[in-house]
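What follows is a single structure, written as structure tokens, with notes after it.
Taken together, the values in this text are just the output of simple stated rules run on the coordinates, not laboratory data. If you're wondering where the values come from, they're calculated on a predicted model, not measured in any experiment. Positions of Cβ are backbone-derived with ideal geometry, glycine not excepted, and every protein chain shown enters the neighbour counts.
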Amino acid sequence: MVLGADPRTEVCMSELDRTLAAIADPTRRGVIELLLDEPRRAGELAESLQMSFPAMSRHLRVLRESGLVEEERSRADSRVRVYSLRKEPFDQLSAWLERVERFWQDELSSFKRHVEHKARTAKKRQ
């Protein structure tokens, strides 16, 4: 924890850390891509990504614990779990990325002004 940091930011950053850690894995990003289309059963996800059910189960646990996906049990068969994306963690990730993008836009704008100022100054000296 950083001294003087806003506790609310710390909570958001720890949630963001979990999100980034979860999506660092290409298989989990593949699961997210599939779930963008529609909710799916765990077996469908495993089959689509050509992996064993136990391996998929481990990836789904990470995604669930990070809050990126949620599971629902089928009403028809309680053994069947259907996974879908949760919006909130992606909103937090998007907000953070927008802050980073604004920072770099401001930095580049400042650099552009500096270069243009230097060019005008050099032109006046000629």
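Listed from fewest to most Cβ neighbours within 10 Å, the set Glu44, Glu101 follows the order Glu101, Glu44. Along region 31-39 the Karplus relation, 6.51 cos²θ - 1.76 cosθ + 1.60 evaluated at θ = phi - 60°, assigns HN-Hα couplings of 4, 4, 4, 5, 6, 5, 6, 5, x Hz to successive residues, with x for each Gly and Pro. Rounded to whole numbers, the Karplus 3J(HN,Hα) couplings from phi for region 19-26 are 5, 5, 5, 5, 8, 5, 8, x Hz, using 6.51 cos²θ - 1.76 cosθ + 1.60 with θ = phi - 60°, and x at Gly and Pro. Given R₀ = 41 Å, what would the calculated FRET efficiency be for Phe103 paired with Ser48, taking r from the Cβ atoms and rounding to 0.05? Result of the calculation: an efficiency of 0.65. Relative to the longest principal axis of the C-alpha atoms of the chain, give the angle of the C-alpha long axis of helix 53-65, reported between 0 and 90° and rounded to the nearest 10°. With both axes taken from Cα atoms, the answer is about 50 degrees. Considering only the Cα atoms of the chain, their convex hull presents on average a projected area of 12.7 nm².
For Arg86, nonlocal amide neighbours, meaning residues 5 or more places apart or on other chains whose placed amide H falls under 5 Å from its own, are Val69, Glu70.
Across region 105-114, coupling constants 3J(HN,Hα) worked out from phi with the 6.51/-1.76/1.60 Karplus curve, θ = phi - 60°, read 5, 5, 4, 5, 5, 4, 5, 4, 4, 4 Hz, and Gly and Pro carry x.
Taking each residue as 0.36 nm, the span from Ala21 to Leu93 lengthens on full extension beyond its C-alpha to C-alpha distance by 24.7 nm.
When the charge dipole of the chain is built from unit charges on Cβ atoms (+1 for Lys and Arg, -1 for Asp and Glu) and taken about the Cα centre, the candidate among Ile23, Trp96, His59 whose Cα reaches farthest toward its positive end is Trp96.
Under a Gaussian network description of the chain, with springs only between Cα atoms under 10 Å, the residue in Leu68, Leu85, Leu49 that fluctuates furthest is Leu49. From helices alone, the chain scores -23500 deg cm²/dmol at 222 nm; the rule is -39500 (n - 2.57) for each run of n ≥ 4 DSSP H residues, then divide by the residue total. Computed on the chain, with alpha-carbon pairs under 8 angstrom and 6+ residues apart, the relative contact order is 23 percent.
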